[in-house]
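A quick write-up on the structure given underneath.
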Amino acid sequence: MKRRFIWSLIILSFIFTIINIVTSILGKTYINLLGITSLGPILIAIYQESDYVYISWNRLRSFFKNQTTKFEMTFYIRNESENTLKKINSSLKSTINYLELSFSNGSKRQFNGSYVNMNLLTNKQLGFTVEISNDSLSNQLGTVAIKIKFQVSSRDVFACWSLAKSFREKILEKIENNYSRIDVNIDMSSSSVNPFYRLTIKNIDNKKINNFELEFSESSHLKVKIKQYSIYATSTEISDLDRVINQYVPLTKIG
């Protein structure tokens, strides 16, 4: 009810201001500058009340600022088969060939069943890291986590997400997997930017916010955690994470 009332005032104010300006122009009379300046508060109110305008404006600002962003995607393999390690290394090799990737000089090239850190390059010379780790304390493979890490400009996050999805899809192509969880993390701490999704926070009485944490579930699959300068999301559905990547909003100022 309150939101409808606010929007009614905004629309009426906007209409009367436009009528005043148009009437002055058509009648060739002196334009009321006070009426024009009233557009300022109206536009501010629209920015604060319209989710679409708020999101679009902040995305546009982020596009031109193009801040440095750390982007990570982690997926998991849970398979108790004796030849899982062999299958993982075989899938790694075929994935790297399929995606036309290459190893950086000195990079390790195989997973030993415990931990490995690989440095890869795309054919466009985008460098990224693949970390593979095993949570088992025994000689058997437990849950294997494969983390793909990028450090790019904010404009390139979508391309990195697309590459990470292709990497995961190709790795799992010939491996039976009993654990479909996927995590994404967007960290913009180097640019002091706060990425938000669905929920944001607002300063009250100009109080400085030094730290915060928002945690919520949007569906039975998707869980989101927002902290200062970073956003983390986990789901068993890739479409949930597509939505987060496409709709998160980078804010240079909380308020």
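Please compare each pair in Lys147/Lys223; Lys108/Lys149; Lys86/Lys149; Lys165/Lys227; Lys149/Lys208; Lys86/Lys108 to a cut-off of 20 Å on the Cα-Cα distance and tell me which ones are over it.
Lys86/Lys149; Lys165/Lys227; Lys149/Lys208
Counting pairs of Cα atoms in region 146-243, how many percent are more than 18 Å apart?
When all Cα pairs of region 146-243 are counted, 54 percent exceed 18 Å.
For every other residue with a beta carbon closer than 14 angstrom to the beta carbon of Glu100, add +1 if it is Lys or Arg and -1 if Asp or Glu, then tell me the sum.
Value of the local net charge: +3.
Taking the Cα centre of region 102-247 as the origin, how large is its charge dipole in debye, to the nearest 20, when only Lys and Arg (+1) and Asp and Glu (-1) carry charge on their Cβ atoms? Display every interim value, and only then the final one.
Working: 19 positive and 15 negative charges, 74 e Å.
Taking the Cα centre of region 102-247 as origin, the dipole is about 360 debye.
Where the Cα atoms of region 67-251 are projected onto their three principal axes, how long is each span, largest first, in whole Å?
Extents along the principal axes: 60, 36, 28 Å.
So which aspartates and glutamates can Lys87 reach, going by Cα to Cα under 19 Å and dropping same-chain residues fewer than 8 places off?
Here the aspartates and glutamates satisfying the reach criterion relative to Lys87 are Glu131, Asp135, Glu169, Glu173, Glu176.
Taking the Cβ of Lys70 as the centre, find all other residues whose Cβ is under 9 Å away and add up their charges (Lys, Arg: +1; Asp, Glu: -1).
Here the charged neighbours net out to -1.
Hey, what does the equivalent ellipsoid look like for region 93-192, semi-axes from the Cα gyration tensor as sqrt of 5 times each eigenvalue, largest first, whole Å? Could you put the intermediate results ahead of the total?
Numbers: eigenvalues 107, 56, 43 Å².
Output for region 93-192: semi-axes of 23, 17, 15 Å.
Could you run the Karplus curve 6.51 cos²θ - 1.76 cosθ + 1.60 with θ = phi - 60° over region 164-173 and give me ³J(HN,Hα) per residue in whole Hz, x for Gly and Pro?
Coupling constants for region 164-173: 4, 5, 5, 4, 5, 4, 6, 4, 8, 4 Hz.
We did not get these values from a lab; they are worked out from the coordinates using the rules stated. Every value quoted in this text rests on a predicted model; they were computed, and no experiment measured them. Virtual Cβ from ideal backbone geometry, glycine too; neighbours counted across all protein chains shown.
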